[in-house]
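The values are calculated or read from the model by the stated rules, or taken from the named source; none is laboratory data. Predicted, not measured: the structure shown is a model, and the values here were computed from it. Cβ: placed from backbone, ideal geometry, glycine included. Neighbour counts: every protein chain shown. Remember, those area values only see protein heavy atoms, side chains included, never the ligands or the DNA or RNA. Shrake-Rupley method; radii C 1.70, N 1.55, O 1.52, S 1.80 Å.
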Amino acid sequence: MVDEVRLIAGQGVEDDAHLGEKVQHLSRVRVDPDQPNLRQVHLIGEELLDELALEGFALSPGQLGENVTTRGIDLLALPQRSVLKIGDSVELEVTGLRNPCAQIEAFRPGLLARVVSKDSGGNLIRRAGIMAVVRSGGQARAGDEIKVVLPAGAHLPLERV
């Protein structure tokens with residue numbers, strides 16, 4: 001856990017493996033290295049970390065690869081293109097749901113099944129947070145207020161990015 005991160009407009013989190021205008025995730029680079037990076041910033045609600053701790057998965061902020069943790073915001077219910085304003089200058093635009101990979105299972109056996117499951121209709125339920133791009137950069141600090149601005153028009157549900 002760190003007390004602050006520097007976010008760079010159009011790029012992501014300074015010094016993060018996913019920093020860049022173009023996709024950085026290796027499996028996606030192999031498919032098309034010129035696709036835009038919709039996964040610049042990973043956000044998770046601390047409520048999920050609390051729930052996982054009760055199930056025996058003691059995790060510290062950052063251990064699931066998240067760059068920003070929130071509390072009191074239902075991240076998974078936000079529509080596409082919502083904007084999260086953090087502190088004085090940072091603006092993140094929500095792009096979609098994080099699709100967790102097998103690395104989570106290697107990190108803690110049984111954890112993947114806790115963050116990805118299926119509903120009664122067989123649809124995947126992804127709970128490992130959301131992804132965003134940086135519209136306006138700056139410093140995001142622990143304790144900064146986060147304001148949610150919903151997009152105008154129809155609200156589209158989040159999908160895997």
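From the list P79, P33, the lone residue that is modelled with pLDDT of 95 or more, within 29 Å of G10 (Cβ to Cβ) and loosely packed, with under 15 Cβ neighbours inside 10 Å is P79. Being open to solvent by 50 Å² or more (accessible area, probe 1.4 Å) and within 20 Å of V148 (Cβ to Cβ) is a condition met by no residue of the range 104-111. The set of residues in the range 25-68 being of a type in the set (G, A, S) and farther than 27 Å from I86 by Cβ consists of S27, G56. In the range 51-68, is there at least one residue being among the acidic types (D, E) and open to solvent by 60 Å² or more (accessible area, probe 1.4 Å)? Within the range 51-68 (the criterion being among the acidic types (D, E) and open to solvent by 60 Å² or more (accessible area, probe 1.4 Å)), the answer is yes, since at least one residue qualifies.
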